[in-house]
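The values are calculated or read from the model by the stated rules, or taken from the named source; none is laboratory data. Computed from a predicted structure; not experimentally measured. When we count neighbours, we look across all protein chains shown, and the Cβ atoms used for this are built from the backbone with ideal geometry, even at glycine. Heads up: the accessible areas ignore ligands, DNA and RNA and are worked out on the full protein's heavy atoms, side chains in. Shrake-Rupley method; radii C 1.70, N 1.55, O 1.52, S 1.80 Å.
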Amino acid sequence: MEKIPFEQLQEELYYEKLSNGLDVFILPKKGFNKTFATFTTKYGSIDNHFVPPGKNEPVKVPDGIAHFLEHKLFEKEDGDVFQQFSRQGASANAFTSFTRTAYLFSSTSDVERNLETLMDFVQEPYFTEKTVEKEKGIIGQEITMYDDNPDWRLYFGLIENLYQNHPVKIDIAGTIDSISHITKDMLYECYHTFYHPSNMLLFIVGPVDVEQIMNQVKENQARKSFEKQSEIKRIFEPEIAESNEKMKVLEMNVHSSKCLIGIKALHVDQNGEEMLKNELTTNVLLDLLFGKSSDNYEYLYNEGLIDDTFSYDYTQEQGFGFAMIGGDTSDPDRLVEVIKKMLLDVKTSNPITEQSLEGAKRKKIGAFLRAINSPEFIANQFTRYAFNGMNLFDVVPTLEKISLSDVQKLSNEFISEDRFSVCQVVPKGK
Amino acid sequence: MSVISEIVKDMNGYKLHIVNTEKYKTNTLVWKMKAPLNQEEVTLRALLPYVLQSNSKSYPSTAKLRSYLDELYGATLHVDLSKKGEFHIISFAIEIANEKFLKDGTPLLRKGIDLLAEIITNPNISEDAFDARTVEKEKRTLKQRIQSVYDDKMRYASSRLVEEMCKGEPYALHVHGEMDAVDQITPESLYQYFKKALADDELDLYVIGDVVEEEVTAAAKETLQFSSRTPKSLTDNEPKQIEKVEEIKEVQDVKQGKLNIGFRTNVVYGDPEYFALQVLNGIYGGFSHSKLFINVREKASLAYYAASRLESHKGLLMVMSGIDQKNYEQAVSIINEQMKAVKDGDFNEQELQQTKAVLKNQILETIDTARGIVEVLYHNVVSKKNVTLDEWIQKMDATTKEDIVKVADKIQLDTIYFLTGKEESA
């Protein structure tokens, strides 16, 4: 077991790669009541085209299957795993993103038993035709719920605009039609491809005895046999650099208009330190341009073009990435015009100074401290970073290294109108 | 296992609550202002904190104020409005890095307290009025905030249920006030209200983190001074007599129907039966092992979510679910049957034990966050009771099946609200 100290933060992380390939991380947190554990596979909604182990031909699976599988892992021959967790005083959950499926629990007692339950239920699939059919009704309602949600429609509408081929444009839950084609055999095929321990990461954070927990995990894993698995072959179609569609307007049953402006990312082949720096620099740039202390924010707010729903964000993963800026607005077209101008002006007017950069970096460092108060944040984000070859605890040192020329170089390259796109939600019939 | 130890001090016009803990990398300050909900003031109260947080005398623009926050290692400043029973509560929260974890060791907590005092006591005013431009733009944003409830159908349906079920009671008022009242507010009238609120509201300051009690007390004493007051209580209203269950259907262009059902519990926080009510809600609909989740979702496959929650100070139990409109009758009957099952004592020892385990876990998890600690402690301010966390856990844990059946007997169905799509599906 390796011990990795972070002195400035007064934290210690413990790590071991088990013989079956599973990465195990433990972060002891004194003073907390709760232990939080996530068991995550590097498998999300974008992994819909791949070569299953032991086969030669690639398969394409229905949209929404990773999320469907997540739901179905909770059901076992002797009942529902939620029941077992709650008998043990734990609260359990799971989520599927573009690139990950995570299973998690938190509990303030019986941690060993809950950890055992977590590892076992994820590693012992039980799918039947009957339970698969039953789930279609439940997930159907989940999909319908999102269909009525204007923020979700706006977000996915923009991603659909940005990408031509990449499966990031597919809704994570799929559609009522796509999930109707899912069978138990397909679930097993996906499961056997992506749930091998070598494609997974276990993270435990809380007031735990590190040695004891690590031994428990090893013993649990040693009881199970896994065939050696070669590297997973995922297939992605080539993607264009520019945004696929420039504009989309969705009419919905709302009173307020909503608008998001997106920028498709470059360098989505990065990983490790390079990716961390690129991601943080982009976030710093957005903070400088649109943070609450910026002149732009003040202008937009004073003009009545934005309200407190305004936000911005940058996401980068392997194969895709985007920045998004916007929120509710009284005038979506004018908001687009003004934000585009603000973005393009950065390249000519050089509004960013050493002093403003220093302020933005400080803000990010403080935000990081605040975030690591949260065991959930640590486990979820650490896993995301690790799957991309990055270390969450490198955030502060990497931020400190960002220079004015880094930000200028990035803004020159990143801000480019051919990679812009816009999605709006407007009141129906207006 | 750590349980909260709270130090409470009487200050000038407010109470200071200190919770000392080393678990966080930041320190948290929360300022609470509490007054009874009433129609004349609800919209003024909804606007006030947003005007105060947008700038101040020393930082007369949002950009200046926010730049100062960035300088303090991205200290956050949030305002929030909530209803606790028939009280309207304004919260200001500042979270600021503990310099112990920074390379630059300049003390930050005092700066945080000073800033909080600046926001609350040194607003951007001239001649007995708030800055007119600030009030104007915050009025615009407030209208937007009121309007946007309509767009989130889950929130909209919950809010409509309360509106219908509590018609004529102060609780029916919205935390963000009333659209029609916004335009009448002037920089002068808001300033008058601000002075009144500072003079009359019940005020509480919470400081959570790795702090020195004496330093915090001295800083609070120096920066925050108000006149003493006797906080207003609620006028005792007769409990609503339910003559018949209201059933309301509202048609909108939606794909999923939102079914919200309200019960009166006739029990509030601090009542002896309150602990049994918590367990009852857990058995009925609070969790993913509860009767609603099992029967509406897992067995009947009707919904993705089906849950219940309590409004502890008003005494309401509210069910929410998203269903296909053709399944309305079936869903309502399952939800009612499950309430009947609880009333009949039709639940086993396992359901009882697992609910207690999960409730205990939930409250211990809540106090792992600084904001969670404040919310747990503030229940006592609202209810004027003093239920410690140990007592909460112990009494909840001691609840028997008989206690639950007894409290269930007080629960009455009040209103069924359904937001449904335009076309009746075949």
Number of the exception - residue A:250 against (1) open to solvent by 10 Å² or more (accessible area, probe 1.4 Å); (2) more than 26 Å from residue A:396 (Cα to Cα); (3) away from chain B (no Cβ under 14 Å): (3)
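Per-residue answers, yes or no, for (1) touching a helix residue (DSSP H, G or I) at 6+ places or on another chain (Cβ under 6 Å); (2) closer than 19 Å to residue A:142 by Cβ:
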site	(1), (2)
A:55	no, no
A:76	no, no
A:89	yes, no
A:95	no, yes
A:99	no, no
A:103	yes, yes
Scope the range B:182-230; condition within 20 Å of residue B:145 (Cα to Cα) and either over 23 Å from the mean Cα position of the chain (by Cα) or of a type in the set (Phe, Trp, Tyr) (or both); matching residues: B:183, B:184, B:185, B:186, B:187, B:190
Residue within the range B:242-264 that is among the β-branched types (Val, Ile, Thr), farther than 30 Å from residue B:151 by Cα and within 14 Å of chain A (Cβ to nearest Cβ) present: no
Qualifying helices (runs of 4 or more DSSP H) (wholly inside the range A:149-199; at least 3 residues being within 30 Å of residue A:225 (Cα to Cα) and open to solvent by 10 Å² or more (accessible area, probe 1.4 Å)): A:184-194
Evaluation of residue A:322 against (1) in contact (Cβ under 8 Å) with a residue 60 or more places away in the chain; (2) assigned to a helix (DSSP H, G or I); (3) among the aromatic types (Phe, Trp, Tyr) (one fails), failing number: (2)
Total residues in the range B:345-383, condition outside any helix (DSSP H, G or I) and more than 9 Å from chain A (Cβ to nearest Cβ): 4
Residues of the range B:142-158 satisfying the condition of being surrounded by fewer than 22 Cβ atoms within 10 Å (Cβ to Cβ), hydrophobic (A, V, I, L, M, F, W, C) and out of contact with any His (no Cβ under 7 Å at 6 or more places or on another chain): B:149, B:154
Pairs where the first residue, in the range A:48-60, is open to solvent by less than 100 Å² (accessible area, probe 1.4 Å) and the second is among the aliphatic types (A, V, I, L, M), C-beta under 6 Å, 6+ apart: A:48/A:61; A:49/A:235; A:58/A:51; A:58/A:235
Residue ID - nearest to the chain's Cα centre (by Cα), chosen from residues in the range B:140-167 that are of a type in the set (A, V, I, L, M) and farther than 19 Å from residue B:44 by Cα: B:162
Residues of the range A:394-416 that turn out to be surrounded by fewer than 17 Cβ atoms within 10 Å (Cβ to Cβ), touching a Leu at 6+ places or on another chain (Cβ under 7 Å) and farther than 30 Å from residue A:373 by Cα, as a count: 1
Checklist (1) within 21 Å of the chain's Cα centre (by Cα); (2) under 29 Å from residue B:151 (Cβ atoms); (3) more than 14 Å from chain A (Cβ to nearest Cβ) applied to residue B:285, failing item: (3)
Residue in the range A:218-225 that is modelled with pLDDT of 95 or more, charged (D, E, K, R), open to solvent by 60 Å² or more (accessible area, probe 1.4 Å) and in a helix (DSSP H, G or I) present: yes
Helices (runs of 4 or more DSSP H) wholly inside the range A:356-430 containing at least 2 residues that are more than 14 Å from chain B (Cβ to nearest Cβ) and aliphatic (A, V, I, L, M): A:404-414
Matching option when the condition is more than 8 Å from every other protein chain (Cβ to nearest Cβ), crowded, with 23+ Cβ neighbours inside 10 Å and either in contact with a Leu (Cβ under 7 Å, 6 or more places away or on another chain) or not aliphatic (A, V, I, L, M) (or both), among B:91, B:58, B:54: B:54
Residue B:161 in contact (Cβ under 8 Å) with a residue 12 or more places away in the chain and either open to solvent by 50 Å² or more (accessible area, probe 1.4 Å) or over 25 Å from residue B:250 (Cα atoms) (or both): no
The range B:226-275, residues that are in a loop (DSSP other than H, G, I, E, B) and within 30 Å of residue A:141 (Cα to Cα): B:245, B:252, B:253, B:254, B:255, B:256, B:265
Inter-residue pairs, beta-carbon under 9 Å, first within 7 Å of chain A (Cβ to nearest Cβ) and more than 16 Å from residue B:54 (Cα to Cα) and in the range B:141-152, second among the aliphatic types (A, V, I, L, M) and open to solvent by 20 Å² or more (accessible area, probe 1.4 Å), 6+ apart: B:147/B:179
Hits in the range B:19-60 (condition: part of a loop (DSSP other than H, G, I, E, B) and either of a type in the set (Gly, Ala, Ser) or over 21 Å from residue B:146 (Cα atoms) (or both)): B:21, B:22, B:23, B:24, B:25, B:55, B:56, B:57, B:58, B:59, B:60
From B:15, B:34, B:111, B:103, residue being more than 14 Å from chain A (Cβ to nearest Cβ) and either at positive phi or open to solvent by 30 Å² or more (accessible area, probe 1.4 Å) (or both): B:15
Some residue of the range A:382-393 being within 30 Å of residue A:147 (Cα to Cα) and surrounded by 18 or more Cβ atoms within 10 Å (Cβ to Cβ): yes
Unmet criterion (only one of (1) at pLDDT below 95; (2) crowded, with 18+ Cβ neighbours inside 10 Å) for residue B:139: (1)
Residue pairs meeting the criteria (Cβ under 7 Å; at least 6 apart or on separate chains; first in contact (Cβ under 8 Å) with a residue 40 or more places away in the chain and assigned by TED's automatic domain parsing to the domain that holds residue A:207, in the range A:110-125; second open to solvent by 40 Å² or more (accessible area, probe 1.4 Å) and part of a helix (DSSP H, G or I)): A:125/A:188
Inter-residue pairs, beta-carbon under 8 Å, first within 10 Å of chain B (Cβ to nearest Cβ) and open to solvent by less than 60 Å² (accessible area, probe 1.4 Å) and in the range A:297-314, second in a loop (DSSP other than H, G, I, E, B) and of a type in the set (Ser, Thr, Tyr), 6+ apart: A:298/B:61; A:304/A:330
